Structures are given as structure tokens and as C-alpha cells.
1. I want to make sure I understand the PRE zone here: with the label point 7 angstrom from the Cα of Ile330 toward its beta carbon, which residues in the range 279-297 have backbone N atoms less than 11 Å away?
2. If you count, for each residue, the other Cβ atoms within 10 Å and average over each peptide, how do 12-21, 94-103 line up from highest to lowest?
3. With a 10 Å radius around each residue's Cβ, average the other Cβ atoms per peptide and rank 43-49, 334-340, highest first.
4. Any chance you could run the full-extension gain for Asp337 through Asn13? It's 0.36 nm times the residue separation minus the Cα-Cα distance, nm to one decimal.
5. Modelled label-to-label distance, Gln109 and Ala21, 7 Å Cα→beta-carbon offset: nm?
6. Can you run phi through the Karplus equation (6.51, -1.76, 1.60; θ = phi - 60°) for the range 135-140 and list ³J(HN,Hα) in whole Hz, with x for Gly and Pro?
7. Towards the positive end of the charge dipole of the range 123-165, with charges on Cβ (+1 Lys, Arg; -1 Asp, Glu), say which of His165, Gly123, Gly143 has the farthest Cα.
8. Classify the chain from the C-alpha gyration tensor, please: rounded if a/c falls under 1.5, else prolate or oblate depending on whether a/b exceeds b/c.
Amino acid sequence: MNFTKQEIIDMLNARGADHEALLERALATKLEYLDHFVHLRGLIEYSSVCRKNCLYCGLRSGNSKAIRYTMTDEEVMDCARQAVELRYGSIALQCGERNDKAFTDKIAQLVRDIKKLSDGKLGITLSCGEQSEEVYRQWFEAGAHRYLLRIESSNEELYYKIHPHDDTHAFATRLNCIDTLLKIGYQTGTGTMIGLPFQTVSDMADDLLFFQSKGVAMVGMGPFIPHPDTPLWQYRNDIPSDEERLQMTLRMIAILRLMMPEINMVSASANQTLNPLGRSMAVKAGANVLMPNLSPSPYRKDYIIYPDKQCIEETASFCAAHLELQMRAIKHSILYDEWGDSKAFLKAHPTFR
Ligand code: SAH
Ligand code: SF4
């Protein structure tokens, strides 16, 4: 469905009964196009080493308090094995950004090894930041078929308020990377944080129009959560409350579901930080993908993009059982052993697979 920017702004400003009606309409649209199914991506937080210095993220290179680790190959393979055993269907390998050849070759090798280990059964999503076209192609040919790279904000001015203004954090590079991923044939996901300092409702409406204009297959939007060891912490009292950032995230998801009914939309784990039911709330507002954590628990406490991350102690199988119950409680079903590709993408690429 197409909306004008003003219509989107009006929906973003909805409160009370109008807010509820928007969420109900989005749920009805999702059920009509995608049924009540939810797909899983087992999240592997591969490494907390990052060359970038984003002003919001606990893993920024300037944060000397962050503990840096990189999982061994065997640890990654153990996660992949668990994903097969728990019948997740897909994994998502995420990490800080590095561009050196040792790293980019390692990711390619891990992708190939995970494919082999699972007999080609596990779908693989990567979220390893900005890379050259050559590297994106190398990883695609190795077997990764989905890639997540949030634009963070489609407004260049705001982008530079939340990133250092230098060559390593160029807005144009971010945009180019998304275009390159789309061109190569990845199911490409992007997204933003909601409730950032300086972010306006007009910016958020533009973000939604940006996703639609790019025709992306997947979107991940989640509330911004201030981290004490980052520069944006100083604005923590100038942003909307936890509750308002969560409710705004739900409206963003709901509106985008109306605009792009067949894309995959993830319920970000940051929702759960703001409300114990946050993950389910986003699914009810239109999300259809969840990313349960598969990282071994000694590492989970060191992959702190934002504070108060949930599920730090739980084992992967506990998380899986918990999700199953949470989804049943809102009359949704998890689809196991499936890649759970974006229906929007499959329609646009009928020969895929
Ligand atoms: N390095 C990769 C992947 C890891 S970061 C990348 O940047 O793409 C994954 C996402 O975490 C980012 O895209 C960002 O949107 C989100 N994130 C970072 N800091 C956050 C914070 N303080 N609150 C909420 N989300 C945050
Ligand atoms: Fe690194 Fe990603 Fe965090 Fe930026 S958001 S500092 S690229 S891990």
C-alpha cells in the first residue's frame, strides 16, 4: 500500500484508540499475506572486535571497556549444530566490522563449513557491516543468501549526528553497500533504530519511504537503548521514554507492514529489553521473524551493543522453549526446519532456489 509522507506522520502520531486500531489493521494484513507463522534465525554473535566508532554502540572501537573476543571455528560450528538440532532452519552470523583479508576469508570459510555441516539445510544470513563488492560476492558465492545492514537513519544529517563524520563512517558508502547487496542478489535487509536523539517523526516517515523505495526483502527496526560507555549516553534524558520508544517501534512496524505486506520483519531483541513482552508485542504489530541467541553464554555478556540485553544466561534450548510458549500465547506458530525466505523476495525472484 502507498501512503503519502503526511499520512505516515499522522499514523506515527497515533495514540490511544487510533494506535490500537493501527496495530490491529497491521496484524490483519500480516495474517492475510503471511498467515500466523514466525521464522527463526539462530543468532551467532561471532566477534565483538570492530573497526568502527558508531556513537551509539557499546562495541565501538573507542570503548576501551568493551571486552573483545572472536569465537573459534569449533565454537561457531557448535552453534550451527545446535541450530540444526533445535530445527531453527536458519542462522544469522553477526559481528563487529572488519575489512582485513584474514577476516573476510574466515567468514567465507565459516559460511562454507556451516553449509557442509548442515548438508545445505541451514539458511545463512550475514550481518558483518560494510564490505567491498568483491567481498560481498565472495560471501554470496560461499553460500550466504541474506544480508542485514541497517541504514540506521536515511537522513544524512541525522546519520552524521550518530556517527563520526569521517571516511570510515560515510553515509554514501552505507547507501552504496545496500545497493550492492541488492544488485548481487542477496535477500537484503535494512532498518533503523527508533527514538534516537535528534530523530523526528518526519525522519521516521522518510525511513519507511526509503525501505519501500529500495524494495528491500527484510527490515529490522528496534528501539535505541542508550549505552553508558558511548557518546550518545549524554542525551539519554532528551529522548522519548522507554515506553514511548517501544510504542513508536510498534507503530513503525505496523505502518511498514501495511506498506510492504510480504517482507520479512524481525522483532528486535531490544524490544525485550524495554518490556518483558516486547518481542511478542512486535510480532502482534506485524513482525514475523525472531532471532533467538545461539552464542555460547560466556560470550553473550561481552557482545554488549546496548545494555540490559536479555537472555544473557539462558541456554539456546531454554530460549527455544520459551519462544515457543510466547508465540503460542499470541496464537502464532513457529515454522521449524525452513529457511523462511521473504515472500516479497521470492515473488520478485521466481527462479531463486
Ligand atoms: N557491525 C554490524 C552488525 C552489528 S551491530 C553493523 O553495524 O551492521 C547491529 C545493529 O545493532 C546495528 O545496526 C544497530 O542498529 C544496532 N545497535 C547498535 N547500538 C545500539 C543501541 N545502543 N541500541 C539499539 N540498537 C543498537
Ligand atoms: Fe561496530 Fe556495528 Fe557497533 Fe557500529 S554498530 S560500532 S559497526 S558493531
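All of the numbers you see were taken from the coordinates with simple rules; none came from a lab. Treat the numbers as computed from the prediction; the structure is a model and nothing was measured. With ideal geometry, Cβ positions are generated from the backbone for all residues, glycine too; neighbour counts draw on all protein chains shown.
1. Residues passing the 11 Å test: 279-290.
2. Details: 12-21: 12.9, 94-103: 16.6.
Taking the mean over residues of other Cβ atoms within 10 Å, the ranking is 94-103, 12-21.
3. Numbers: 43-49: 24.1, 334-340: 17.3.
So the peptides 43-49, 334-340, ranked by packing, come out 43-49, 334-340.
4. Values: separation 324, 0.36 × 324 = 116.64 nm, distance 3.92 nm.
So the extension gain works out to 112.7 nm.
5. Placing both labels 7 Å along Cα→Cβ, they lie 5.9 nm apart.
6. Computed from phi, the couplings for the range 135-140 are 5, 4, 5, 4, 6, 5 Hz.
7. The one lying farthest along the dipole's positive direction is Gly123.
8. On the way: a/c = 1.32, a/b = 1.14, b/c = 1.16.
Verdict is rounded for the chain.
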